[in-house]
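Below is one structure, written out as structure tokens, with a few remarks after it.
The values are calculated or read from the model by the stated rules, or taken from the named source; none is laboratory data. A quick note: this is a predicted structure, and the numbers were derived from the prediction, not measured. Using ideal geometry, Cβ is built from the backbone for each residue, glycine included, and neighbour counts are taken over all protein chains shown. These area figures cover heavy atoms from the full protein model, side chains too; ligands, DNA and RNA do not enter into them. Shrake-Rupley method; radii C 1.70, N 1.55, O 1.52, S 1.80 Å.
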Amino acid sequence: MNKDVFATRRHNLMKHIGEGIAIIPTAPVCTRNRDVEYPYRADSDFAYLTHFPEPEAVAVLAPGRPQGEFIMFCREKDPEKETWDGRRAGLEGACNDYGADDAFPIDDIDDILPGLLENRPEVHVPMGRYPDFNDRLMGWVSTVQKKARAGVHAPKRFVDLSEILYELRLIKQTPELRALKKACTISAKAHKRAMRACKPGLHEYQIEAELNYEFRHGGGQAVAYPPIVAGGANACILHYTENSDPLNDGDLLLIDAGVEYDYYAADITRTFPVNGKYSAEQKELYQVVLAAQQAAIDVTRPGTLWNEPHDAAVVVLAQGLLDARILKGSLDGVLESGSYKRFYMHRTGHWLGMDVHDVGEYKIEDTWRQLEPGMVMTVEPGLYIPGNSIGVHPRWWNIGIRIEDDVVIKKKTDVEILSSATPKTVEDIEQWMAG
Ligand code: GLY
Ligand code: MN
Ligand code: MN
């Protein structure tokens, strides 16, 4: 993304923080085992405002500061360390490549940051996410408090950065939609490749390998979340990620997988037959989930309340469970008692963006919020009938189905389905798998 994108984001945030100051640390490096680290991924808030990819960095936004409003603390260049661990932007790179007005070594932050807090009435920080950082912040504030007799005011209020920043992150601008589209395009290819490769006798991890191939080949940086490649009964475990079992003839395979592209996540689920042909029972429930998803998408548009797509999907799922005699009683009774939750226990969607479960409030005070142009969300109904479900005919057992697409709210009544290149109807999937 162009450097201006990040300058505009910082500007938009600073408009709201007035005389205050914002301090945004990036994520720490995490150890995987002994001296092996997890692949590094910057904190999303920090990356949203800076695009700076290195660990050990803190961005400060100080509106009205005469020497410059965007200050970066980061690692200095170090030829020896860079030979071992990779290139660093250094202080010069932070200014020249990432738009900082001023940059200081991260090792000097305890000396410099208190001065930046002087006479700022409030501090905007991410609260609770990095407890060690919050402790250090208290130390910096306490340093400023000690200068009271010299007439220096210390900050009096802490404000969670989310209050302003998450509302900005919730409404996606054109470059963000482009990145999301790219993530979805790569992920759609990955799902298609997985469908084509699938056959009885392979293992779930071999299908995961097909996904990974397209993710990296397409230029994605990482999986946006651990992929779920769940055959048969495993599809009824919502967060199954072992991906270790053999794939059996006659079972369904549920894949929930998406790539991250330039910090933006795709989140796509498809459920297809391991052998390329849905059985009568699988097809019947698949059509119910597909119709539920369509019912949800049909009401997904500007002005709709957040819960309405979920409610629309639930009506179709509940009726489908009654038609299949998996549930007994009346539609009203099933909806009122919530008995459908035994087979549909999650919500129909979430915000999508830099984080797969992206930031932004779902309710404004006590009411579900309205959908607005620029919001991006998933629509992902499902049905899960575990084996040995008491009172359910065995022909439905071990069928787990979810269908998940990524949807942008556009102007007027329009929506765009970013993940639409992934085959979805029974006919399209069977045809694609046979090809
Ligand atoms: N992949 C996580 C979810 O669908 O919410
Ligand atoms: Mn999702
Ligand atoms: Mn998903």
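General remarks:
- Residue within the range 318-327 that is touching a Pro at 6+ places or on another chain (Cβ under 9 Å) and either in contact (Cβ under 8 Å) with a residue 12 or more places away in the chain or not β-branched (Val, Ile, Thr) (or both) present: no
- Scope the range 333-359; condition more than 11 Å from ligand 1 (Cβ to nearest atom), surrounded by fewer than 21 Cβ atoms within 10 Å (Cβ to Cβ) and among the hydrophobic types (A, V, I, L, M, F, W, C); matching residues: 335, 345, 359
- Residue match in the range 397-414 (condition: more than 27 Å from the chain's Cα centre (by Cα) and surrounded by fewer than 19 Cβ atoms within 10 Å (Cβ to Cβ)): yes
- Residue count, the range 218-252 (criterion: within 12 Å of ligand 3 (Cβ to nearest atom) and touching a Pro at 6+ places or on another chain (Cβ under 8 Å)): 1
- Any hit, the range 276-297, residues being at positive phi and touching a Lys or Arg at 6+ places or on another chain (Cβ under 9 Å): yes
- Of the listed requirements (1) free of Cβ contacts under 8 Å to residues at least 40 places away in the same chain; (2) part of a loop (DSSP other than H, G, I, E, B); (3) open to solvent by less than 20 Å² (accessible area, probe 1.4 Å), residue 128 misses just one: (3).
- The range 238-276, subset of a type in the set (Val, Ile, Thr) and touching a residue at least 40 places away in the same chain (Cβ under 8 Å), residue farthest from ligand 2 (Cβ to nearest atom): 274
- Number of positions in the range 370-387 that are farther than 30 Å from residue 231 by Cα and within 19 Å of the chain's Cα centre (by Cα): 5
- Of the strands (runs of 3 or more DSSP E) that lie entirely inside the range 1-100, those containing 2 or more residues that are open to solvent by 70 Å² or more (accessible area, probe 1.4 Å) span 31-33.
- Scanning the range 281-311 for residues that are small (Gly, Ala, Ser) and surrounded by fewer than 23 Cβ atoms within 10 Å (Cβ to Cβ) turns up 291, 295, 303.
- Residue in the range 360-376 that is open to solvent by less than 20 Å² (accessible area, probe 1.4 Å), of a type in the set (Gly, Ala, Ser) and within 16 Å of ligand 1 (Cβ to nearest atom) present: yes
Conditions tested, residue by residue: (1) within 21 Å of the chain's Cα centre (by Cα); (2) more than 14 Å from ligand 1 (Cβ to nearest atom); (3) among the basic types (Lys, Arg).
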{"residue": "234", "(1), (2), (3)": "no, yes, no"}
{"residue": "238", "(1), (2), (3)": "yes, no, no"}
{"residue": "242", "(1), (2), (3)": "yes, yes, no"}
{"residue": "270", "(1), (2), (3)": "yes, no, yes"}
{"residue": "290", "(1), (2), (3)": "no, yes, no"}
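- Condition met for residue 156 (surrounded by fewer than 17 Cβ atoms within 10 Å (Cβ to Cβ) and either touching a residue at least 40 places away in the same chain (Cβ under 8 Å) or not polar (S, T, N, Q) (or both)): yes
- Just one residue in the set 272, 215 is assigned to a strand (DSSP E or B) and within 16 Å of ligand 3 (Cβ to nearest atom); that residue is 272.
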